Amino acid sequence: MEYTHDSDGSSSSSRQSLKNTAKWAASLENLLEDPEGVKRFREFLKKEFSEENVLFWLACEDFKKTQDKKQMQEKAKEIYTTFLSSKASSQVNVEGQSQLNEKILEEPHPLMFQKLQDQIFNLMKYDSYTRFLKSDLFLKHKRTEEEEEDLPDAQTAAKRASRIYNT
């Protein structure tokens, strides 16, 4: 577990739940498990013109959970045409994709994209993710969390209400 220290020197790990940004900063896995984290990471990747990486990773996660064979064939074909074929609209750059052909799509299995998904995960982990943690988008979100944490509960609620009603 990563410990963060507040300006008063206390460790925030003693709190019951870590802030979103602290969880996201702990690991890419934590970031990808949090819908808000995925949303922020996608925003960042869009600016870097590499959003297709996280979209491919998410599509593969969804694919692995598919039980129905016909649905699996449809999803496999969709993943192939969207991310892996030479004519893909959101092509990901992975080794071995040239060896994939449409014949493999006829007999899909849950882990058929695993090696390619792992490559994309590592690409994100060692490249995009580290830049995301240094990005203005992430740091701004982190500052907002810290500011809200410093306010007493009543003030935080009032602040949220004023944001909602623009007062």
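Could you tally the net charge around F121, taking each other residue with its Cβ under 14 Å from the Cβ of F121, Lys/Arg +1 and Asp/Glu -1? All intermediate terms of the calculation are to be shown ahead of the outcome.
Working: positive: K64, K115, K125; negative: E29, E33, E52, E61, E95, D118, D127.
Once all neighbours under 14 Å are counted, the net charge is -4.
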- Would you list, by chain and number, the lysines whose Cα falls below 21 Å from the Cα of K77, excluding same-chain residues fewer than 8 positions away? K64, K65, K69, K87, K103, K115
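Let me know the volume per residue of the alpha-carbon convex hull for the stretch 98-152, in Å³.
Hull volume over Cα atoms, normalised by residue count, gives 133 Å³.
Using the Cα centre of the stretch 52-92 as the reference point, and only Cβ charges (+1 on K/R, -1 on D/E), how large is the resulting charge dipole? Debye, rounded to the nearest 20. Can you show the working numbers first?
Working: 7 positive and 6 negative charges, 36 e Å.
Rounded to the nearest 20 debye, it is 180 debye.
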- Keeping every protein chain in place, order K46, K142 by accessible area at 1.4 Å, biggest value first, i.e. largest first. K46, K142
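The values are calculated or read from the model by the stated rules, or taken from the named source; none is laboratory data. It should be emphasised that the depicted structure is a prediction, and the values quoted were computed from it without experimental measurement. Backbone-built Cβ (ideal geometry, glycine too); neighbour counts: all protein chains shown. Side chains are part of the model used for accessible areas, which takes the heavy atoms of the whole protein and leaves out ligands, DNA and RNA. Shrake-Rupley method; radii C 1.70, N 1.55, O 1.52, S 1.80 Å.
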